Structures are given as C-alpha cells and as structure tokens.
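The values are calculated or read from the model by the stated rules, or taken from the named source; none is laboratory data. For clarity, every value in this text was computed on a predicted model and none was experimentally measured. Positions of Cβ are generated from backbone atoms using ideal geometry, with glycine treated the same way; all protein chains shown enter the neighbour counts.
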Amino acid sequence: MKGSAIGIVGAACLVAGFGAGFVLRPVISPVAASPAIAAGVAQPSEDEATAAVRRHRLFSGTSLANATLKLGDCSPGGVGPGVTCMTQIVLDPTKPNAAPQNRPIGFARVAGQWEVAVW
C-alpha cells in the first residue's frame with residue numbers, strides 16, 4: 001500500500017471514530033441536567049432557594065419576604081462557596097407592575113440550610 005492510501009484510510013478511520021463518539025456519547029456517558037450535579041456539587045431545590053431569598057435582606061434593608069423565584073441551571077460557585085444559579089425572580093409580586101428579573105444568585109449551605117451567598 002502506498003503512503004497516500006494509508007493516509008486516506010487513516011483519515012477515514014479518524015472521521016468514523018469521531019462520528020461514532022459523538023453519536024454514542026449520550027448513551028455511554030449521559031450528562032446530568034445541571035453542571036453542578038455533573039461536578040458532584042449539591043444545589044438547592046426551588047423551594048430551598050426561594051426560602052433563602054425570602055430570608056435574605058438587601059443592603060438597603062429591604063425585606064424580600066414576598067419574593068417568588070424560578071430556579072434555572074446551577075454551576076459550582078466561581079465567586080464564593082456553594083453554587084451560582086440562574087434565576088427568574090420577582091422581588092415583590094404584590095406591587096403593581098412587578099416584573100420578573102433574570103439574574104444569577106449564589107447559594108451556599110450554612111448550618112444545614114441554604115442561604116444567599118452572592119446577590
């Protein structure tokens with residue numbers, strides 16, 4: 001076999017191997033729904049995250065006792081301990097024109113319960 005034929009066969013095998021890897025990866029090694037879970041890091045449930053936000057007070061002293069929260073994807077905390085989660089939060093749904101805000105919020109487990117770590 002000539003060198004060019006060997007190169008063509010090698011390239012074809014490489015392409016077939018990459019193709020098979022991309023097709024079979026979800027079967028062989030499925031990825032968890034969240035990067036935090038994939039990294040083996042605990043994350044709060046939506047109820048735990050909502051409770052943590054409702055306990056949290058802003059720097060202005062504003063209470064978030066009525067806040068509603070939808071929890072999105074979480075990843076290991078880059079700025080502080082715990083995890084950083086994308087959230088959709090309404091700070092006070094009882095006020096007129098209250099609109100949801102999409103923002104990342106950090107959560108950390110302190111003394112057995114989830115708290116807001118990075119606002």
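Quick one: in segment 45-59, of everything that is part of a loop (DSSP other than H, G, I, E, B) and not aliphatic (A, V, I, L, M), which residue is modelled with the lowest pLDDT?
My answer is PHE59.
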Please go through segment 41-73 and pick out each residue that is surrounded by 15 or more Cβ atoms within 10 Å (Cβ to Cβ) and among the hydrophobic types (A, V, I, L, M, F, W, C). VAL41, ALA49, ALA51, ALA52, VAL53, LEU64, ALA67, LEU69, LEU71
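Yes/no per residue for (1) modelled with pLDDT of 85 or more; (2) in a strand (DSSP E or B):
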| site | (1), (2) |
| --- | --- |
| ALA36 | no, no |
| GLN43 | yes, no |
| GLY61 | no, no |
| LYS70 | yes, yes |
